[in-house]
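What follows is a single structure, written as structure tokens, with notes after it.
The numbers here are math on the coordinates, done by the rules we state, and not lab data. Computed from a predicted model, the values in this text were never measured in an experiment. Backbone-built Cβ (ideal geometry, glycine too); neighbour counts: all protein chains shown.
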Amino acid sequence: MEGLMERLERAVTRLEKLSVTMQESGGVVNGGCLNGVDEGYGGDSTSILNGPVTEYTESRAIGDEVEKHAEMVSEALQTQRRFLKMVTTHQEPAKTELHDLLKPISDHIQEIQNFRERSRGCGLFNHLSAVSESIPALGWVAVNQKPGPYVKEMKDAATFYTNRVLKDYKETDRRHVDWVTSYLSVWTEMQAFIKEHHTTGLVWSKSGPIAPPFLCDTTTTPPSASCPPPPPPPPGPPPLFTDGDSQTASGGAQHSALFAQLNQGMDITKGLKHVSDDQKTHKNPSLR
């Protein structure tokens, strides 16, 4: 009996030490909200935010529109960081829930692109276009195979406009050259992050709870509070992913189609053309 009690005491001691270690590392989930992240498992994109993004967001000296655009990009990357932190401690949810999880990122992308469209009279339109054309790179989290090359494609889309910026300012204003360097570095660092942690697609935790269909804002939620329930989802497009996504398309076409649907959302039918009666081919006039 004494030997049994000693073993129990040793077991309790080990459990207490383990509990303290977990609390100190921040690897605790309360109320469905993520308070920590195991950086060794899925990686942490904080270095991107603290490095090239910080330099890029220092755009106020260039112009108000560029500064505002940079702030919007920073907010989008913060949202994606929260999503990636959830990925490290949660198992992958069903496809419909994953669609809801990705919606905040999609909303940021649309906001950034719409800002460019509203600013067509801006003298720094090439700056805004470089960002607008490449910001879909955030959609790498929805790419099932080799998301790194997808980010490179988006970065290449930016260089078409950043080359124009360099042509206009290389000899006259160094600040614009630095802006180009810092912005492109964001996607270079993102590629390196993906290559290290998510080479063949998003790597979810193999343990822990199933991810909820909404993101908790860990920057504002106290550790002891639970996340508010999500609002009821509005009727939306069909699920973002289908079982044949990775087999029926390949390369850039797959990536573009995949995230184009995410970007379009409820506006997905706007591109449809009206067909007049004389263009309809059904033989029965009542069915035209």
Cα-projected label distance for residue 64 with residue 95, points at 7 Å along beta-carbon direction, nm:
4.6
List the pairs from 68/103; 68/95; 103/170; 103/206; 170/195; 103/155 whose alpha-carbon separation is above 30 Å, in the order I gave them.
68/95; 103/170; 170/195
What GluC sites (Glu not before Pro) in the range 152-196 are in a loop by DSSP, with at most 13 other Cβ atoms within 10 Å of the Cβ?
171
Just to be sure I understand the model, the point goes 7 Å from the Cα along the line to the Cβ. What's the resulting residue 144 to residue 107 distance in nm?
2.8
If amide hydrogens are placed 1.01 Å from N in the peptide plane, which non-local residues have theirs closer than 5 Å to the one on residue 90?
205
Counting only Cα atoms, I'd like the Rg/Rh figure for the range 39-197, Kirkwood definition for Rh.
0.98
Set the Förster radius R0 to 51 Å, insert the Cβ-Cβ distance between residue 172 and residue 207 as r into 1/(1 + (r/R0)^6), and round the FRET efficiency to 0.05.
0.35
Loop only per DSSP, at most 10 neighbouring Cβ atoms within 10 Å: give me the trypsin sites (Lys or Arg not before Pro) in the range 48-139, ordered by residue number.
120
extent check for the range 106-168: Cα max minus min per principal axis, descending, whole Å, gives 38, 26, 8
